[in-house]
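The values are calculated or read from the model by the stated rules, or taken from the named source; none is laboratory data. Only a predicted model underlies this, so the values are computations on that prediction, with no experimental measurement involved. Note that we place each Cβ from the backbone using ideal geometry, even for glycine, and neighbour counts take in every protein chain shown. These accessible areas exclude ligands, DNA and RNA; they are computed on the full protein's heavy atoms, side chains included. Shrake-Rupley method; radii C 1.70, N 1.55, O 1.52, S 1.80 Å.
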Amino acid sequence: MKVPRRQFLHLAAAAATLPVLSRSASAQSYPTRPVHLLEGFGAGGAPDIVARLIGRSLSERLGQSVIIENRSGATGNIATEAVVRASPDGYTLLLVTATNAINATMLKLNFDLIRDIAPIAGIVRVPLVMEVHPSVPAKTVAEFIAYAKANPGKVNMASAGTGSTTHLAGEMFKTMAGVDLFHVPYRGAQVFPALFTGEAQVYFGPLLSSIEYIRAGNFRALAVTTVARSPILPDIPALSETLPGYEASSWYGLGCPKRAPEEIIEKLNKEVNVSIADPKLQARLADLGGTALGGSPADFAKLISDEIKKWSWVILAANMKRE
């Protein structure tokens, strides 16, 4: 049966609008079921805390449960790959971290972070803290640099594992300060017993897990690693005050599979920004020593891209092998 030309054109035009209308309706009604937020470092750590804080706020704002899934292992890559391979419908999200940017430069992965994960919004940035054992005769960063130069290769620099943020922060310091520190990787929490005994002398540790030891006098804080000082340690200088341009931090944001509808990404971005503007959530983030990020998906994309470039430079300067 032949369809008149005019009728055919009307039908074709109507058909062409259906996907657009369907996506728009989907975004307006989203979410209609629980959303899963995957984080790759296990329960109780800073990533888990951030995931639960933002998850609780988004759940209240979206009217649906946001379920936190701890998919620990392979320095966060198990969770990331699970999200990469998930349906791009906005119901599977990823807590993107600084470790993701390091992994993108250091490891041979089955995915590409920039190509396969769509950025939604940054949540918070948390400084590391350069801390030393009390036996180290340095009260400032400049004094520590002089001490390290007088004892090349004899000062043990602890990290929470090769390729971790704590390791790369130390490698950046070594390169910029021109010092030779001996890297000793530990398994996570084993770092602190090594610092207690003096087996390791310096550590670029997460502020959240270090703050009580510093307050108790177990370790001496020389500097925080963000550009600005931390409100939690207002009397401790930023490392950039001694080494201009130095910046290393833990940061967290949300991402999703790359092909997720833009309308859903925009909706989630809006809700994240409203959430982190709330004084109660800001206070909780401040308890972590963090500063709220926020901004557009493009802002978060730039952060990720800049971090990948920075850590690529550090890995190259430190002559570290890509694994």
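So, Gly122, is that one within 16 Å of the chain's Cα centre (by Cα), in a strand (DSSP E or B) and not aliphatic (A, V, I, L, M) or not?
yes
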Say we look at region 294-323 and pick out the residues that are free of Cβ contacts under 8 Å to residues at least 24 places away in the same chain and not in a helix (DSSP H, G or I); which of these is farthest from Ile265 (Cα to Cα)?
Asn319
Return the only residue of Gly255, Gly295 being farther than 23 Å from Thr140 by Cβ and either more than 17 Å from the chain's Cα centre (by Cα) or open to solvent by less than 20 Å² (accessible area, probe 1.4 Å) (or both).
Gly255
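Please tell me if Leu107 is at pLDDT 95 or above and of a type outside the set (Gly, Ala, Ser). Full working, then the answer.
On the way: at pLDDT 95 or above: no; of a type outside the set (Gly, Ala, Ser): yes.
It is false that Leu107 is at pLDDT 95 or above and of a type outside the set (Gly, Ala, Ser).
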Take the conditions part of a helix (DSSP H, G or I), open to solvent by less than 40 Å² (accessible area, probe 1.4 Å) and within 23 Å of Met176 (Cβ to Cβ) and apply them to Ile276. Does it pass?
no
Could you grab me the full set of residues in region 278-298 that are at pLDDT 95 or above and not polar (S, T, N, Q)?
Gly295, Pro297, Ala298
When both residues are 6+ apart or on different chains and their Cβ atoms are under 6 Å apart, which pairs have a first residue that lies in region 276-293 and is under 18 Å from Leu254 (Cα atoms) and among the β-branched types (Val, Ile, Thr), and a second that is open to solvent by less than 80 Å² (accessible area, probe 1.4 Å) and assigned to a loop (DSSP other than H, G, I, E, B)?
Ile276/Gly294
Please specify each residue of region 226-242 satisfying the condition of being of a type in the set (A, V, I, L, M, F, W, C) and buried (at least 19 other Cβ atoms within 10 Å of the Cβ).
Ile232, Leu233, Ile236, Ala238, Leu239
Within region 131-225, which helices (runs of 4 or more DSSP H) (wholly inside it) include 2 or more residues that are crowded, with 19+ Cβ neighbours inside 10 Å and of a type in the set (S, T, N, Q)?
165-177
With the first residue restricted to region 169-180 and required to be closer than 17 Å to Ile102 by Cβ, and the second required to be open to solvent by 20 Å² or more (accessible area, probe 1.4 Å) and modelled with pLDDT under 95, Cβ contacts under 6 Å at 6 or more apart or on different chains are Glu171/Ala318; Thr175/Ala317
Restricted to region 79-126, and to residues that are of a type in the set (Asp, Glu) and without any contact (Cβ under 8 Å) to a residue 40 or more places away in the chain, which residue is surrounded by the most Cβ atoms within 10 Å (Cβ to Cβ)?
Glu81
Which condition number does Glu60 fail, the rest of (1) acidic (Asp, Glu); (2) free of Cβ contacts under 8 Å to residues at least 24 places away in the same chain; (3) in a loop (DSSP other than H, G, I, E, B) being met?
(3)
